[in-house]
Amino acid sequence: MAEISNRVDLTNCDREPIHLLGAIQPVGFLIALSKDWIVSRVSANIGRYLGSEPEAMIGAPLADFVPGHLIHDLRNRVALLSTPDAVERLFACRPIEGADACFDVAIHLAGTQILLEFEPGIEHNGDASGAVRAMIARLDSQPDVPAFYREGARQVRALLGYDRVMVYKFSADGAGEVVAESCKSGIGSFMGLHYPASDIPRQARALYKRNLVRVIRDVHQVPVPIVPERDAKGEPLDLSLSVLRSVSTIHIEYLKNMGVGASLSISILVDGELWGLFACHHYAPRSPTFERRSVAELFAQMFSMRLESRERRELVEYERRARDISDQLLGAVASDETLLKDPDWLADILTSAIPADGVGVWINGNYAFSGSTPPADDFRRIVRALNGTAAGRVFATDRIGSLVDGAERFAKEASGLLAIPISRSPRDYVVLFRSEMRERVRWAGDPHKPVEYGPNGPRLTPRESFAEWHELVEGRSTPFTSSEERVAETLRATLIEVVLRLADEAAAQRQHANARQELLIAELNHRVRNILGVIRGLVRQSQPDDDVVREFVRVVDGRIHSLARAHNQITDDHWGPAPFRALIDAEAAAFAAHKESSIHSDGPPVLLNPQAYSSMALVIHELVTNSTKYGSLSGEGIVELQWHLDEKGDMILTWAESGGPAVKAPTRKGFGTTIIKRSVPYDLGGDAEIDYAPEGVKARFRIPARHISEPRVVKGPPVKLPRVSHPPHPSQAPVKPDLLAGLSVLLVEDSLIIALDAEDILVRFGARIETASTPEAAHDMLDNWKPDFAILDINLGDQTSFGIADRLNDAGVPFFFASGYGEQANLPDEHRVRAVVQKPYTTHNIARAAEELLGLG
């Protein structure tokens with residue numbers, strides 16, 4: 001073989017110019033011609049076959065050396081070269097007139113030159129078409145793909161007579177596997193052998209797609225150089241399509257180390273790509289005729305077509321079965337939703353569609369495993385990493401180490417994964433795991449031992465090549481195919497349909513539960529408001545004549561009323577945070593309404609949680625009532641009430657009185673003082689300071705951030721909130737004592753204490769009252785009496801007052817409702833516009849409702 005510019009070894013064989021080796025195998029000879037059939041190059045052994053030396057032939061017409069009828073036949077064949085990689089054949093030719101020996105000729109184009117390659121042939125060739133038909137018939141009779149592979153190897157071996165014929169299949173990364181083999185007994189088996197992509201360099205793979213048959217007759221033969229080695233431009237002859245092209249020294253060493261004397265390979269192309277090879281080994285020199293090789297090439301092309309057809313049929317059948325499994329999954333989970341969280345059941349059904357060694361399920365932060373999977377902590381890391389991949393799409397990898405660090409720790413159990421998202425956002429997954437490839441694959445049999453080692457040593461042997469492949473696939477699994485990923489997408493759509501269906505059902509159940517919860521909360525609030533109303537009624541109805549005790553009752557009543565108002569605020573939003581400013585408004589309206597100037601408040605909108613709201617209601621109540629009794633609000637003074645959020649999010653509240661009478665510190669520690677000083681530190685974990693300065697009481701409170709929330713921000717330009725002053729509320733200004741003088745009122749209320757409280761209020765307004773505790777009693781009264789207006793408690797034990805309302809409406813009697821449910825009261829459509837007074841009854845809410853109902857004022 002001619003020398004090339006750089007030494008080729010295992011580190012650079014991918015760069016070896018194997019199509020430019022400048023030599024041929026000595027079994028035949030080569031002639032290169034210009035387009036006008038002038039000889040431009042020949043192999044150095046040309047004299048042995050044509051009797052003319054290279055120097056005499058180069059530059060002379062080919063017609064000077066071969067018979068004219070052969071020139072005629074060769075020109076006809078050249079005319080048939082319609083594609084760049086076409087090769088024509090001419091069998092049983094005699095380049096020397098009258099000679100006994102005949103040759104087979106391969107004809108192709110190499111750039112601007114015509115290449116003729118002659119090798120010994122036979123006079124009479126067999127029936128090639130009949131042989132191929134019989135071979136294909138045996139292929140078509142095979143029941144499955146493995147048997148199809150085996151029969152292909154058997155047919156090629158029967159045709160060409162090699163000691164061993166293997167079917168090599170390439171993987172997507174270029175590595176390969178022996179998937180079928182036919183060999184004579186006693187030489188061991190290469191079946192199941194895997195080898196790295198580097199065993200067949202890239203440029204060799206490219207040539208396999210162009211030149212479908214590659215034959216090496218004798219690994220010990222000496223290559224014959226081409227004369228001249230380079231043309232006038234310094235370029236060697238392109239032998240890409242040559243049938244006699246010499247062989248890389250690396251490949252020769254590989255074959256020698258295996259004890260192989262001759263080899264032949266035939267490309268298997270599927271969909272235009274190199275699927276694999278028929279690889280033939282012989283343990284002595286062997287040179288099948290050109291005619292036999294041509295038949296083998298035709299068979300390989302037919303094999304490729306049949307293989308492509310079988311693979312397509314298998315793919316269609318595989319995807320059909322996957323759809324059936326998808327339907328089965330949908331039907332099973334629809335009837336039993338717990339199956340979705342059963343990893344063993346999911347593993348059985350999913351791995352019957354996509355082969356895997358284990359399944360992990362991750363739903364709402366909970367996980368479950370079946371089969372061979374990573375440890376739980378590593379599974380959590382994998383799920384977090386999956387959330388960073390393409391959202392909502394199936395993700396597959398044959399190396400988990402590319403997704404998370406430290407994957408080598410569990411590589412034996414799980415090296416590859418296919419993740420199927422089963423929620424709209426990349427949060428919940430079903431993950432199929434495959435174990436490490438090298439743990440799954442074993443090299444079967446006992447390959448023929450090498451008889452000698454070349455300069456690159458034992459590396460160039462099947463066993464050592466397999467060992468290198470083992471190292472290369474460490475931490476890798478068998479890759480998931482594109483068809484498996486398509487099936488996974490189908491399963492994903494099914495699983496998401498199931499999850500969405502379950503989510504809809506769960507949402508309906510949640511909605512039903514929320515409705516029940518709201519009803520229960522409303523009922524609870526109703527009962528609490530009624531209880532507060534009863535307590536207020538008891539306190540007020542129990543007032544004695546003693547002025548001291550009467551004052552005590554008034555203070556207690558105020559505190560209960562304050563708690564009731566706070567309760568109303570925080571239950572309006574189902575026991576949620578309530579606006580702090582509303583608390584200020586309520587207290588100012590209730591206890592400072594008679595002031596021309598009262599409380600000035602300034603602060604950002606903030607919400608207090610229920611615990612803080614109730615506590616601060618009592619604190620503000622005590623501050624307001626003390627100020628109206630002893631402080632600035634008892635005279636002509638004012639109160640400055642300001643609040644803000646500090647850098648920690650705590651609310652800082654300051655109370656400053658001015659303009660009132662001189663202040664004296666209390667001489668005894670009463671309950672009100674205790675509330676002011678201790679409620680915020682004790683109940684809320686904050687701070688409270690109060691200073692009884694002569695010019696006015698000053699207080700400072702810190703409410704921790706955990707009790708504070710800010711209202712939702714409405715998009716738009718920022719609005720500067722003005723300082724708020726609280727003048728008397730129109731509806732809560734002092735009420736005229738004779739507001740209802742001379743009017744008759746029907747009061748329907750099922751609680752005696754609350755009824756007595758309401759009666760007292762109505763009597764103070766000058767009204768005449770008739771009270772009924774049941775619908776029946778109210779109807780009896782209406783049989784003989786028509787009131788001026790009525791107040792109807794909605795809920796009367798296990799009945800309602802809506803029937804009474806209908807009767808009053810028909811009679812033209814105005815009325816309004818009362819309820820402990822307040823704004824959550826559920827009114828029938830015909831009464832939806834009626835006013836509802838929220839209990840407990842107060843002077844102001846009854847007066848306001850009566851004024852609006854009767855047009856008083």
Put in order of increasing Cβ neighbours within 10 Å, starting from the fewest, LEU74, LEU30, LEU743 give LEU743, LEU74, LEU30
Point-to-point label distance, VAL316-LEU81, nm (Cα→Cβ direction, 7 Å offset): 4.1
Which FRET efficiency, nearest 0.05, do ARG89 and HIS69 yield, Cβ-Cβ r, R0 22 Å? 0.80
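Give the shape of segment 227-359 as rounded, prolate or oblate, defined through the alpha-carbon gyration tensor: a ≥ b ≥ c are the square roots of its eigenvalues, a/c under 1.5 means rounded, and otherwise the shape is prolate if a/b is larger than b/c and oblate if not.
On the way: a/c = 3.16, a/b = 2.90, b/c = 1.09.
Cα axes put segment 227-359 in the prolate bin.
Calculate, in nm to one decimal, what ALA368 and ARG706 gain on full extension: separation in residues at 0.36 nm each, minus their alpha carbon distance.
Numbers: separation 338, 0.36 × 338 = 121.68 nm, distance 3.62 nm.
Full extension from ALA368 to ARG706 adds 118.1 nm.
For a protection proxy built on the mean count of beta-carbon atoms within 10 angstrom, sort 216-229, 60-73, 637-650, 243-256 highest first, please.
Details: 216-229: 18.2, 60-73: 14.3, 637-650: 16.0, 243-256: 21.4.
Ranked by mean Cβ neighbours within 10 Å, highest first: 243-256, 216-229, 637-650, 60-73.
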Just want the answer: with Cβ charges of +1 for Lys and Arg and -1 for Asp and Glu, which residue in VAL78, ALA99, LEU62 is farthest toward the dipole's positive end in segment 59-107? VAL78
Relative packing of peptides 605-612, 478-485 - highest average C-beta neighbours within 10 Å first: 605-612, 478-485
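For LEU856, LEU762, LEU782, which order do you get if you count the other beta carbons within 10 Å of each Cβ and list the fewest first?
Details: LEU856 12, LEU762 24, LEU782 19.
So the residues, fewest neighbours to most, are LEU856, LEU782, LEU762.
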Förster-model FRET efficiency, 30 Å R0, ASN826 and ALA508, C-beta, rounded to 0.05: 0.90
The long-range amide H neighbours of ASP104, using H built 1.01 Å from N in the peptide plane and a cut-off of under 5 Å, are ALA92, CYS93, GLU119, GLY121
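Figure the gain on full extension for GLU55 and THR112 (residue separation times 0.36 nm, minus the Cα-Cα span) and round it to one decimal in nm.
Details: separation 57, 0.36 × 57 = 20.52 nm, distance 2.15 nm.
Taking 0.36 nm per residue and subtracting the Cα distance, the gain is 18.4 nm.
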May I ask you to sort TYR429, TYR682, TYR208 by Cβ crowding, counting other Cβ atoms within 10 Å and putting the fewest first? TYR682, TYR208, TYR429
Between GLU776 and ARG230, 0.36 nm times their residue separation minus their Cα-Cα distance comes to what? 184.3 nm
For segment 19-120, just say rounded, prolate or oblate: build the C-alpha gyration tensor, square-root its eigenvalues into a ≥ b ≥ c, call rounded for a/c under 1.5, and beyond that prolate if a/b exceeds b/c, oblate if not. rounded
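The numbers here are math on the coordinates, done by the rules we state, and not lab data. On a predicted model such as this, the values are computed, not experimentally measured, just so you know. Neighbour counts are summed over all protein chains in view; Cβ atoms, including those assigned to glycine, are modelled from backbone coordinates with ideal geometry.
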